[in-house]
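The values are calculated or read from the model by the stated rules, or taken from the named source; none is laboratory data. This is a predicted model, so every value here is computed, not measured. Cβ atoms come from the backbone with ideal geometry, glycine included; neighbour counts cover every protein chain shown. The area values use the complete protein model at the heavy-atom level, side chains included, leaving out ligands, DNA and RNA. Shrake-Rupley method; radii C 1.70, N 1.55, O 1.52, S 1.80 Å.
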Amino acid sequence: MKTKILEINPKRIDLTKIKIAAEEIKKGNLVAFPTETVYGLGADALNEQAVAKIFQAKGRPFNDPLIVHIAGVKELNRLSKHVPPVALKLAKVFWPGPLTLVLKKSELVSDIITAELDTVAIRMPADNIALSLIREAQTPIVAPSANLFGRTSPTNAQHVADDLDSKIEMIIDGGKTKVGVESTVLDITAKPVQVLRAGGVSVEQLKEIIGQVKIGEELERGFRSPGMLNSHYSPRARLILVEERGEAQVREVFRLALEHKIQGFKVGIMAKEENQNKYNGFQVKVIGKGSELNICATNLFSTLRNFDKEGFEIIIAEGLEEQGLGLAIMERLRKAAVPKNEC
Ligand code: TXA
Ligand code: MG
């Protein structure tokens, strides 16, 4: 199939174009579209055959559940049979935005979306193209990140085309995404509520609103969120993450880079802006200033993809502080660093 590219200016949305894309969704076809986090691969959430196409196009296993995207908080009551007050409290503060809530599902939500769990993940994206598309399609839209399974998420339309060209009906090109990492997935059926995936809304922000929040490894994540495999977000190159801080980090990055260069590998370094001049003789890509973690998040996936495009075999990555969006970045870098044969 030939994938159509539809350019839409996010600042002046052309509704006739949105309607064309919405028609594809209504017909049961796949449309990739921008959200504020990453590009999503959308299908009509109420059409099982359309949903099944997503797994096929991405090469995604059926045990990895999908997020349902909505354009209004009221939709929660259709998709969930129990909407606790904490859901509405969080929605009020963070929606539209990069927070996904896991709730008890209603009958309306098919098992193929939830991988047969009795819960469903729902979010309202803060992107006008995404919201207009959902409204015009008159249906909730399921959308995983629009990349091949296991690869880094796309933050522009070209990334989507690189992975999914000729596998899907349409890509809406709405420019570069703002947040750059995926939404935070929060299980509000757990007590206390639990972050299953760090993302665009930070744990600090969540704690301000609801107090106690459980994070990560304290529970068996594998069980609660089957899609959260260890090796994920992977560039083709092998990624080595250096978690030391300060001068020790610089020394270790340099040592590893040299070691692999001597072995004949094409080595690249992903560094903070303040360290970029400390790696003489190596090719360095800057992720951003260590103190500007939001900007680092925006650049993360495209930087990794650029290393791949330029044929690097080894990426030595400097770790960042685990505060704010830094936690989401580090979670992704750690997964990217797991060798593919160990996943
Ligand atoms: O920012 C985002 O969340 C992007 C944009 C497109 O909205 N979407 C995205 O989808 O990242 P995806 O499919 O790549 O990641 C969804 C994650 C998966 O790790 C999946 O396991 C988890 O959400 N998830 C979905 N439904 C779940 C459920 N019922 N219980 C627990 N985890 C769930
Ligand atoms: Mg994904």
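Comparison of Gly199, Gly227 shows that the only residue that is at pLDDT 95 or above, within 16 Å of ligand 2 (Cβ to nearest atom), open to solvent by less than 30 Å² (accessible area, probe 1.4 Å) and out of contact with any His (no Cβ under 7 Å at 6 or more places or on another chain) is Gly199. With the structure loaded, tell me whether Ala257 is more than 28 Å from Thr37 (Cα to Cα) and without any contact (Cβ under 8 Å) to a residue 24 or more places away in the chain or whether it fails that test. Judged against the criteria, Ala257 is not a match.
Within segment 101-120, one or more residues are more than 23 Å from Ile172 (Cα to Cα), open to solvent by 20 Å² or more (accessible area, probe 1.4 Å), within 16 Å of ligand 2 (Cβ to nearest atom) and at pLDDT 95 or above.
Scanning segment 121-150 for residues that are open to solvent by 40 Å² or more (accessible area, probe 1.4 Å) and more than 28 Å from Lys74 (Cα to Cα) yields Leu148, Phe149. If you go through segment 51-79 and pick out every residue that is over 21 Å from Ala157 (Cα atoms), away from ligand 2 (no atom under 16 Å from the Cβ) and out of contact with any helix residue (DSSP H, G or I) (no Cβ under 8 Å at 6 or more places or on another chain), you end up with 6.
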